[in-house]
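The values are calculated or read from the model by the stated rules, or taken from the named source; none is laboratory data. Keep in mind that this is a model prediction, so the values were computed, not measured. With ideal geometry, Cβ positions are generated from the backbone for all residues, glycine too; neighbour counts draw on all protein chains shown.
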């Protein structure tokens, strides 16, 4: 991914900022400008509003990567999973802070802000979301109301390092 594209997508990567259709209430990540779920797509133009995902979800599918892509060789083995968020969208991400053999379908996870990669020894460091097993009993709805979680800022607020 180019550096320019990465920086344009920073609000989504740092805050899990998506969009919600005001017509049908479907939530999307990354954000969309038109709702593909509405039968009349044009009805959603101008009615897509910013929406903050809580970061909570459940593993619906996963694989353990043993032969990593370039730049990820030091991380093998690692788990790459599809995570269905409580708001609806399915995100792809690495599952961290757990032994790969302990990851199962149905594992409750929470998005966490982590280093993704570095471009060269003196290059740009890219950050974004990964998923870690949930360790508390607070419900996703409760965290969503309080907005005190890892990704608690609104999509329009700047992310702090």
For this session: Identify all residues within the range 25-36 that are in contact (Cβ under 8 Å) with a residue 12 or more places away in the chain and surrounded by fewer than 14 Cβ atoms within 10 Å (Cβ to Cβ); write none if there are none.
Result: 33
For this session: Identify, by number, the condition in (1) within 12 Å of the chain's Cα centre (by Cα); (2) surrounded by 17 or more Cβ atoms within 10 Å (Cβ to Cβ); (3) assigned to a strand (DSSP E or B) that residue 114 doesn't meet.
Result: (2)
Seminar exercise, completed: Scanning the range 81-93 for residues that are assigned to a strand (DSSP E or B) and either crowded, with 19+ Cβ neighbours inside 10 Å or in contact with a helix residue (DSSP H, G or I) (Cβ under 7 Å, 6 or more places away or on another chain) (or both) gives 81, 83, 85, 91, 93
Problem set entry | Out of 69, 43, sole residue that is over 26 Å from residue 106 (Cα atoms), free of Cβ contacts under 8 Å to residues at least 24 places away in the same chain and assigned to a helix (DSSP H, G or I) | 43
Exercise. So which residues in the range 1-24 are buried (at least 19 other Cβ atoms within 10 Å of the Cβ), touching a helix residue (DSSP H, G or I) at 6+ places or on another chain (Cβ under 8 Å) and at pLDDT 90 or above?
Worked result: 18, 21
